[in-house]
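First comes the structure, then the notes that go with it.
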Amino acid sequence: MAKRAKTIITCAITGAIHTPTMSDALPYTATDIAQQAEDAAKAGAAILHLHARRPHDGGVSIDPDHFAAFLPRIKQATNAVINISTGGSLQNTIEERLAPARRFSPEMCSLNMGSMNFSFHPLAKRYETWKFDWEKAYVENSDSFIFRNTFRDIATVAKALGDEHSVKFEHECYDVGHLYNLKFCMDTGLFKAPIFIQFIFGILGGIGPELDNLVFMKRTADRLFGDDYQWSVLGAGGAQIPLATSASQLGGNVRVGLEDSLFISRGKLAESNAQQVAKIRRIVEDLGCQIATPDEARDMLQLKGADRVAF
Ligand code: KMH
Ligand code: ZN
């Protein structure tokens, strides 16, 4: 029997969906983002997917200076692969969204593979009072968000980061059409194998979090990419741990973190990113798989190496 590859755990530390009112655990100061990232890496995350936040009120930020306040600290404290988001606040231009990765030249970046509705406005109904002024309108207005990722945007990111900085992408695919977008881009030479696909389930605007959909996405990717890809699963909210568990059993990698879910179990808020990493690690190991170290993840994804980043 072929030797099973190890499971890469990605942890997405803070993101652009949740707001400080929703959980005291959601980090937004540089110190808290760095500490939670370090703890998540110690718990077993090989890759840290990072957004920045405004330190005074937790607002979503793409200001490179806000990244500068935590990236070197994380690099000093861990060997984890740093993955910088190019999603931004879901509302920025592609040039704005590129700025942090252009400056810091990380080993990895997210790259969203299609334009879509991307909404979390139903969350607003759960809260009567809010910690900060911006939060309520941001969450409510997400019902008008179009997350723009045109073919030209994708090509711009591929050139600016892939060609010029040897960045490897976490190709975020929220629906089956995004796999075909990715295949088209591969056929036109934008990306080289092995690609790393993040199958995303449960975002309002994307495919739902049913196991059938995971199998369908995986089968479609197998057909389109053959052996030339690595894959991982991100389930939003309550789907996070169940879908990650299924993914690891099907030979895939997993993503957890407070960006995607604030919970550790049904109705119970997570205390930290590290708690979610520890939980999925325990499950993956109990079910007979081994987790990948950061260097093993570098090998599996053919990354350029931590010595070639600019922070
Ligand atoms: N929060 C995820 C569902 C990005 O950073 O580019 C999407 C995401 C996008 O991670
Ligand atoms: Zn993200």
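Out of the range 94-119, which residues are outside any helix (DSSP H, G or I), out of contact with any helix residue (DSSP H, G or I) (no Cβ under 6 Å at 6 or more places or on another chain) and either within 15 Å of ligand 2 (Cβ to nearest atom) or at pLDDT below 95 (or both)?
Keep residues of the range 94-119 that are outside any helix (DSSP H, G or I), which gives 105-119.
From what's left, out of contact with any helix residue (DSSP H, G or I) (no Cβ under 6 Å at 6 or more places or on another chain): 106-108, 110, 112, 115-118.
Passing the criteria: PRO106, MET108, SER110, ASN112, MET116, PHE118.
Checking PHE147 against (1) farther than 25 Å from LYS183 by Cβ; (2) within 16 Å of ligand 1 (Cβ to nearest atom); (3) among the aromatic types (Phe, Trp, Tyr), only one condition comes out false. Which one?
The number of the failed condition is (1).
Within the range 260-294, can you find the residues that are in contact with a Pro (Cβ under 9 Å, 6 or more places away or on another chain) and over 17 Å from ALA236 (Cβ atoms)? Quick ask: steps written out before the conclusion?
The first filter runs over the range 260-294 and keeps only residues in contact with a Pro (Cβ under 9 Å, 6 or more places away or on another chain), leaving 272-273.
Matches in the range 260-294: SER272 only.
Taking ASP65, is it surrounded by fewer than 20 Cβ atoms within 10 Å (Cβ to Cβ), acidic (Asp, Glu) and in a loop (DSSP other than H, G, I, E, B)? Spell out the reasoning first.
Details: surrounded by fewer than 20 Cβ atoms within 10 Å (Cβ to Cβ): yes; acidic (Asp, Glu): yes; in a loop (DSSP other than H, G, I, E, B): no.
No.
Condition (residue is within 16 Å of ligand 1 (Cβ to nearest atom), buried (at least 21 other Cβ atoms within 10 Å of the Cβ) and without any contact (Cβ under 8 Å) to a residue 60 or more places away in the chain) applied to the range 104-119: is it met by at least one residue?
no
Scan (1) more than 13 Å from the chain's Cα centre (by Cα); (2) surrounded by 20 or more Cβ atoms within 10 Å (Cβ to Cβ) for the single condition ASP228 breaks and write down its number.
The one condition ASP228 does not meet is (2).
Does GLY251 satisfy the criteria of being over 28 Å from ILE146 (Cβ atoms) and outside any helix (DSSP H, G or I)? Break it down into steps so the answer makes sense when it comes.
Working: over 28 Å from ILE146 (Cβ atoms): yes; outside any helix (DSSP H, G or I): yes.
Criteria met by GLY251.
Scan PHE191, PHE184, PHE169 and give me the residue that is part of a strand (DSSP E or B) and either within 16 Å of ligand 2 (Cβ to nearest atom) or surrounded by 13 or more Cβ atoms within 10 Å (Cβ to Cβ) (or both).
PHE169
For HIS51, are the conditions met, namely being at pLDDT 95 or above, crowded, with 24+ Cβ neighbours inside 10 Å and either within 16 Å of ligand 1 (Cβ to nearest atom) or not hydroxyl-bearing (Ser, Thr, Tyr) (or both)? Before the answer, list the steps.
Working: at pLDDT 95 or above: yes; crowded, with 24+ Cβ neighbours inside 10 Å: yes; either within 16 Å of ligand 1 (Cβ to nearest atom) or not hydroxyl-bearing (Ser, Thr, Tyr) (or both): yes.
In short, yes.
Starting from residues that are surrounded by 24 or more Cβ atoms within 10 Å (Cβ to Cβ) and not small (Gly, Ala, Ser), keep the ones in the range 33-48 and report whichever is nearest to ILE8 (Cα to Cα).
Top of the filtered list is ILE47.
Among the residues of the range 145-195 satisfying the criterion of being of a type in the set (Lys, Arg) and under 21 Å from GLY226 (Cβ atoms), which is modelled with the lowest pLDDT?
First, pick out the residues of the range 145-195 that are of a type in the set (Lys, Arg): 148, 152, 159, 168, 183, 192.
With under 21 Å from GLY226 (Cβ atoms) added as a condition, the list becomes 168, 183, 192.
Numbers: LYS168: 98, LYS183: 98, LYS192: 92.
Checked the range 145-195; the qualifying residue modelled with the lowest pLDDT is LYS192.
Mind telling me which of the residues ALA16, ALA45 ends up being within 15 Å of ligand 2 (Cβ to nearest atom) and touching a Cys at 6+ places or on another chain (Cβ under 7 Å)? Reasoning before the result, please.
Values: ALA16 fails: touching a Cys at 6+ places or on another chain (Cβ under 7 Å).
Exactly one of ALA16, ALA45 is within 15 Å of ligand 2 (Cβ to nearest atom) and touching a Cys at 6+ places or on another chain (Cβ under 7 Å), namely ALA45.
Results for (1) loosely packed, with under 12 Cβ neighbours inside 10 Å; (2) in contact (Cβ under 8 Å) with a residue 40 or more places away in the chain; (3) touching a Leu at 6+ places or on another chain (Cβ under 7 Å), shown as yes or no for each residue.
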| position | (1), (2), (3) |
| --- | --- |
| ILE280 | no, yes, no |
| ILE283 | no, yes, no |
| LEU287 | yes, yes, no |
| GLN290 | no, yes, no |
| THR293 | no, yes, no |
| ASP299 | no, no, no |
| GLY305 | yes, yes, no |
| ARG308 | no, yes, no |
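Can you tell me which condition ASP260 does not meet? The list is (1) closer than 24 Å to TYR229 by Cα; (2) acidic (Asp, Glu); (3) assigned to a helix (DSSP H, G or I), and all the others hold.
The number of the failed condition is (3).
Quick one: is THR86 among the hydroxyl-bearing types (Ser, Thr, Tyr), in contact with a His (Cβ under 8 Å, 6 or more places away or on another chain) and within 13 Å of ligand 2 (Cβ to nearest atom)? Don't jump to the end; show me each part of the working.
Details: among the hydroxyl-bearing types (Ser, Thr, Tyr): yes; in contact with a His (Cβ under 8 Å, 6 or more places away or on another chain): no; within 13 Å of ligand 2 (Cβ to nearest atom): yes.
No; evaluated as a whole, the condition is false for this residue.
The values are calculated or read from the model by the stated rules, or taken from the named source; none is laboratory data. Owing to the predicted nature of the structure, the values given are computational and were not obtained by experimental measurement. No Cβ is skipped: glycine too gets one built from the backbone with ideal geometry, and neighbour counts run over all protein chains shown.
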